[in-house]
Amino acid sequence: MLELNTPLEALPSVGPKFWQKFKRLGLDTVQDLLFNFPVRYEDFSEIYRIDDLEPGQQATIQGIVEEVDIRHTWKKNLTIVEARIRDESGSIRAVWFNQPYVKNVLRPGKLANFSGKVSVSEEDIYLSHPTYELVSFRETRHTARLVPVYPETKGLTSKGIRFVVQPVLANLGPLGDWLPEEIRESRDYPALDKALHDIHFPNKMEDAERAQKRFAFEDLFLLQLLNLRQKLKLAQEKAPPVEIELPELKKLLGYLPFELTTSQKRSLWEVVQDIARPRPMNRLLQGDVGSGKTAVAALAAMVAARKGYQTAVMAPTEVLAGQHFETFRKLLKRLPASKQPTLAIMTAHQNKIVYESDLESEIKKKELQQAIKKGEAKIIIGTHALIQKSVSFKKLGLVVIDEQHRFGVDQRAKLTQTTSLPGKKKYVAGGKNLLPHFLSMSATPIPRTLMLTVFGDLDISTIDELPAGRKPILTKIVSPENRIKAYGFIKGQIQKGRQAFVICPRIDPPESDPNKKPDPRQAKLWEVKSVKEEYQKLKEKIFPEFRVAMLHGQLKSAEKEQIMKDFRQGKTDILVSTSVIEVGVDVPNATIMMIEGADRFGLAQLYQFRGRVGRGEHQSFCFLFTESKTRSTAERLKAIVTAKSGFELAERDLELRGPGEFIGQKQTGLPDIAMRGLQDAALIKDSRQAAVEVLKKHPSLEAYPLLKAKTDEFQARIHLE
């Protein structure tokens, strides 16, 4: 009997040479093979009589091989195998090109199934390249049934995969089903053994669909269990209660140079209520670009500082960290000097501390680390420099992470050691082990279904309105014939003193071999405008009278910082960039966002780009340039022109591009079938209900040992906080 951990290399039907091909698909064990599900099915389940066949039809016939012939055409260097097949109604030819081994398998007198396309020649109809299978007592794999089609690689077709999968299923030992029986039966899901058979070799499409639904459900169910157990564990941890009375909070708001919007006030109050409790806050603050999330975070940090606690604010880039530092500094300057908490920034190239108002000092990293360790620095803003071993906090009460999903898996794992995840590093305050409160911020609007699953362990605050006085950004789709007009308009805006962003999808122009015929599959990619090409074109031909700069991710951090600094200070008129400016860049004088190859970005990403303008007093514009004339492109880009909010766009993007656009398919480790399940609101709701049912009865899962082991394995497989 085979087990799930049996290496594929050990299977008689695979062997070392064939195994290398499976490895290219990431398949090493029997478990990998069986959970590599078909992407679709070809229906060859109905067997047709030969005289009922029609040209163009995909069909299966069953007949006796009468004769087989092989010949070579030297002109085209082809080997042609031709067989004559007969049933009780008539006969038909079957033809294969460059498959000489077919003659050795299909010997005269053999009964076989043939599945393929019915083609037409001048003389008759024939089967072109049909899949064939000798009829025996075994279950068929390739013909006369619903035939699974898998992801393929060079030298390994779906037929080769089916050849291995079927005997593996037949020789697999009994599998313990970790999905609780009451959950499975109440939802009419098949047991694990049957589900695996039905998803690979279903007798009817309904069997395949039930199996697919079970596997989509089970991964969502595990994700919901992890989230709910995380919440239960967090509720048992202790955190410093950071309390502030309402009159004191109102007094603090009175120092601001602007009035908070209603949703900012609501979000701030939710945060303030959370950090006042003696258990760790675990909250996501989401809102449209420019909605004022940073102001809410800054106010929460001020509250923590007034109660003697430190706040760490972590950003994914130095540019964004520097921008947060300036925002916090401007807000803190409004406080009376005696009430201004000490502000610091720590990145690879910046180590500054601000004691009050303009008392700013650049200091050595070690000195700043000492100030943090002693508790002198109350609000510390930085990049991943904050998670180095050499950095320790005296009394960390609040951790704010901006655009958390933009940190790498390893960096995010380190973040959890000083944030609010249970069982991680704590600090001692007043003789108690305490965890800091945790606030994550995101300008990427998250669809409701993803909130319930991927972010299900977080409480969510939403800022759904822009600050007063912000003018709507006028957005236009620019076709190739209107490009010159758009350039003329942009020129006029820059002559008025405004600035412009130009976004391109690539950094380098594609390299091509002049002696090699281009791969047609790469043709679209080769049309994509690169930053370097566009920079040269705009600087030398289109806008030679203006100051044009270039920004992309391959530049060193110091170079990127200087380029952005020059742009913010108005020393550059046009900034040509990749998506490196997608998050957090704030240049109030920039009123033009021009996006090349707009059809190559997701709607959420386009919305982020557009949010980089419209942050000042002047009217702003967003131009979406595209060479594509397809209906799907027109519909997608029209959505960003008409959408009233980023949240509306997020739901549309989920429909069009799937959840990987928001959470990163490779980083989550979720299989394709579960990723598709994230778009099924009813399935998500049901999986959450099932998780609640199980945890209500058995919070520790001790009554479900297989489920507990599966949950632990699942947690190790995915990379989500």
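The values are calculated or read from the model by the stated rules, or taken from the named source; none is laboratory data. Here the structure is a predicted model, which means the values were calculated and not measured. Here Cβ is always computed from backbone atoms with ideal geometry, including for glycine, and neighbour counts include all displayed protein chains.
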Q. Which of (1) in a helix (DSSP H, G or I); (2) over 18 Å from LYS560 (Cα atoms); (3) out of contact with any Leu (no Cβ under 8 Å at 6 or more places or on another chain) does GLU356 not meet, given it meets every other one?
A. (1)
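Going by the conditions given, is GLU209 surrounded by 19 or more Cβ atoms within 10 Å (Cβ to Cβ), under 30 Å from PRO38 (Cα atoms), of a type in the set (Asp, Glu) and out of contact with any Asp or Glu (no Cβ under 6 Å at 6 or more places or on another chain)?
Values: surrounded by 19 or more Cβ atoms within 10 Å (Cβ to Cβ): no; under 30 Å from PRO38 (Cα atoms): yes; of a type in the set (Asp, Glu): yes; out of contact with any Asp or Glu (no Cβ under 6 Å at 6 or more places or on another chain): yes.
The answer is no for GLU209.
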Q: Six or more apart or on different chains, Cβ under 7 Å: which pairs go from a residue in the stretch 329-357 that's modelled with pLDDT of 85 or more to one that's surrounded by fewer than 16 Cβ atoms within 10 Å (Cβ to Cβ) and part of a strand (DSSP E or B)? Could you list them?
A: ASN351/GLU362; LYS352/GLU360; LYS352/SER361; LYS352/GLU362; ILE353/SER361; VAL354/GLU360
Q: Kindly check whether there is at least one residue in the stretch 72-83 that is among the basic types (Lys, Arg) and either in contact with a helix residue (DSSP H, G or I) (Cβ under 7 Å, 6 or more places away or on another chain) or modelled with pLDDT of 90 or more (or both).
A: no
Q: Please give the helices (runs of 4 or more DSSP H) falling wholly within the stretch 504-619 in which 2 or more residues are of a type in the set (D, E, K, R), at pLDDT 80 or above and closer than 26 Å to GLY492 by Cβ.
A: 531-537, 557-568
Q: Within the stretch 117-135, count every residue that is more than 46 Å from the chain's Cα centre (by Cα) and either modelled with pLDDT under 90 or not hydrophobic (A, V, I, L, M, F, W, C) (or both).
A: 5
